[in-house]
Amino acid sequence: MTTIRVRLTLIYSGLFLLTSIVLLITVNALLRQALKTRAGPPPWGRVMPPRPRLPELVNNVIGYQWEATTFTVGALTLVSLAVGWLIAGRILRPIHRITATAQRLSLSTLHERIALSGPKDELKELADTFDAMLARLERSVEGQRRFIANASHELRTPLAVQRAAIEIGLPEDVGEIRDKLLLHNRRAENLIDALLVLAQAEHGLDDRSPVALDQVVRRAVAERDADHVGMTVRAEPFVVDGDPVLLHRLVTNLLDNAVRHNHPGGTAEITLSDGVLTVRNTGPHVPEERFHDLFEPFRRLHTTRGQGAGLGLSIVAAIAKAHEADVRANPNPGGGLELVVTFPAA
């Protein structure tokens with residue numbers, strides 16, 4: 001296998017040899033012409049005494065010149081091979097560092113970086129790009145680790161409750177135990193369903209179709225039972241190129257969040273205008289430093305376990321990303337939250 005270093009060395013030496021040969025031919029041709037001109041008759045017509053050995057001497061000088069320059073070019077070509085080999089190695093040293101780092105990579109060494117120093121050239125840009133890719137990969141793997149740990153914990157809790165209820169249940173408590181088992185089974189089922197939706201959204205969209213987002217919003221509001229919260233809807237026609245099931249889940253999760261984290265007698269306002277879906281609710285104050293955590297899986301603003309598994313807004317963020325939409329959270333004056341999803345035009 002011919003390495004890049006060998007190819008670069010041959011290119012350097014080949015260019016040097018080609019240039020030297022052209023220069024050698026040019027110099028010797030000029031020298032031959034100059035010697036022949038001096039060996040010929042003078043231009044003013046004066047007759048010089050004959051020099052019988054002069055042409056032979058000229059040919060000898062030219063032949064010696066060819067031999068000397070050819071030997072010199074050959075020696076310099078060998079030197080250029082050595083110098084080209086060293087220069088190619090020096091140039092390719094960052095590539096070797098990138099290769100060595102990539103070969104050492106594993107789930108336990110994603111923290112390593114190339115951290116190449118030097119001038120801002122193509123190799124420095126390649127190393128920086130590789131470092132940025134490693135940083136994204138490290139964050140992704142760390143997020144998956146947290147996700148698996150949290151999912152295991154969330155799934156283990158209802159199963160433990162079911163096992164305990166079965167183990168300690170008495171005949172007279174059958175009705176109560178049954179209700180408790182049904183409650184936790186339903187919670188586990190909802191959690192698994194949410195995990196599947198999250199995985200599907202993070203995988204991306206395989207098929208897209210035009211979806212009337214305003215109709216999705218109105219249908220989701222009509223399906224939502226929110227007797228203790230006053231809901232107002234203002235949805236202008238807008239079409240999104242995406243998955244209708246996932247878009248319905250996005251709107252439903254936004255509405256669930258607006259109703260769940262609200263005061264009795266509070267309000268929730270849903271607007272859709274120019275592709276910007278805004279869900280604003282009254283409710284407890286949310287510190288701005290917690291906004292980033294809102295879209296992380298299994299993150300709850302409050303510690304009450306009965307109010308969901310903490311996957312609602314993370315599913316919203318994943319579905320929005322799959323549809324190339326931007327999602328952000330803003331504080332609502334007076335308490336509550338404003339969630340904004342900006343969709344691109346279809």
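The values are calculated or read from the model by the stated rules, or taken from the named source; none is laboratory data. All values derive from a computational prediction rather than experimental measurement. With ideal geometry, Cβ positions are generated from the backbone for all residues, glycine too; neighbour counts draw on all protein chains shown.
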Sort out which residues of the stretch 212-244 are farther than 15 Å from S273 by Cβ, free of Cβ contacts under 8 Å to residues at least 60 places away in the same chain and part of a strand (DSSP E or B), and write them in order of number.
-> V229, G230, M231
If you go through I62, I95, the only one that is farther than 30 Å from L183 by Cβ, at pLDDT below 75 and either surrounded by 14 or more Cβ atoms within 10 Å (Cβ to Cβ) or touching a strand residue (DSSP E or B) at 6+ places or on another chain (Cβ under 6 Å) (or both) is I62
Answer yes if at least one residue in the stretch 242-263 is of a type in the set (S, T, Y) and within 29 Å of the chain's Cα centre (by Cα), and no otherwise.
-> no
Subset of the stretch 100-138 [aliphatic (A, V, I, L, M) and in a helix (DSSP H, G or I)] = A100, A102, L123, L126, A127, A132, M133, L134, A135, L137
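Mind checking whether some residue in the stretch 35-56 is assigned to a loop (DSSP other than H, G, I, E, B), of a type in the set (G, A, S), over 30 Å from L134 (Cα atoms) and modelled with pLDDT under 80?
Within the stretch 35-56 (the criterion being assigned to a loop (DSSP other than H, G, I, E, B), of a type in the set (G, A, S), over 30 Å from L134 (Cα atoms) and modelled with pLDDT under 80), the answer is yes, since at least one residue qualifies.
Restricting the search to the stretch 285-327, which residues are in a loop (DSSP other than H, G, I, E, B), in contact with a Gly (Cβ under 6 Å, 6 or more places away or on another chain) and at pLDDT 80 or above?
Listed by number, the residues that qualify are H285, H323.
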Among residues of the stretch 309-346 being over 27 Å from the mean Cα position of the chain (by Cα) and among the hydrophobic types (A, V, I, L, M, F, W, C), the residue surrounded by the fewest Cβ atoms within 10 Å (Cβ to Cβ) is A309
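Every residue, every condition in (1) at pLDDT below 80; (2) among the charged types (D, E, K, R); (3) loosely packed, with under 12 Cβ neighbours inside 10 Å, yes or no:
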residue	(1), (2), (3)
I4	yes, no, yes
L10	no, no, no
L24	yes, no, no
V27	yes, no, no
T77	no, no, no
V83	no, no, no
Take the stretch 253-284 and flag every residue that is assigned to a strand (DSSP E or B) and within 22 Å of A325 (Cβ to Cβ).
-> A268, E269, I270, T271, L272, S273, V276, L277, T278, V279, R280, N281
Out of the stretch 205-247, which residues are touching a Lys or Arg at 6+ places or on another chain (Cβ under 8 Å) and more than 16 Å from A317 (Cβ to Cβ)?
-> M231, V233, A235, D241
Within the stretch 120-135, can one find any residue that is more than 22 Å from the chain's Cα centre (by Cα), modelled with pLDDT of 80 or more, over 30 Å from P297 (Cα atoms) and exposed (fewer than 15 other Cβ atoms within 10 Å of the Cβ)?
-> no
